Amino acid sequence: MEDEIDSIVNSVFEQDPLVASVIVVDDSGLCLAKKGPISEEAAGLVTSIAARSDVVMPLSANAVVPKPAVVQIEAENMLIVIRKTAS
C-alpha cells in the first residue's frame, strides 16, 4: 500500500511541475505520505476541511458517478487544493 501511495504522490508532481507539496491523510487525520515543504501537523486540518466539504456540498444520490467536492484556498502566492477520495 505504501508503494501505491508513493506512486500517486510522485505522479502528482510529474503531472504538474507547479505543485510544491502533497500530503495524503486518512479519515482519522493520520499522515500516510507527504512530499515537499508541508508539515505532518497539517494532516488533521486537511482531514477536517475535507470532511466538512461533504456538509457544504453533499454528494448527489442522483449522480451517475458521484464526485466529491474540491476545496481551493487561495493565498497571495499559492493555491491549496483539498480533495477527498474514497474512504
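Filtering the range 33-53 down to residues that are open to solvent by 50 Å² or more (accessible area, probe 1.4 Å) and outside any loop (DSSP other than H, G, I, E, B), which residue is modelled with the lowest pLDDT?
For the range 33-53, the residue satisfying everything is R52.
Considering the range 1-32 alone, what residues qualify as being closer than 20 Å to L79 by Cα and not in a helix (DSSP H, G or I)?
Hits for the range 1-32 are D16, P17, L18, V19, A20, S21, V22, I23, V24, V25.
Can you tell me which of V22, V9 is at pLDDT 95 or above, open to solvent by less than 80 Å² (accessible area, probe 1.4 Å) and under 15 Å from the mean Cα position of the chain (by Cα)?
Criteria check complete, one pass: V22.
The values are calculated or read from the model by the stated rules, or taken from the named source; none is laboratory data. Keep in mind the model is a prediction, meaning the values are calculated, not measured. Side chains included, ligands, DNA and RNA excluded: accessible areas come from the protein's heavy atoms. Shrake-Rupley method; radii C 1.70, N 1.55, O 1.52, S 1.80 Å.
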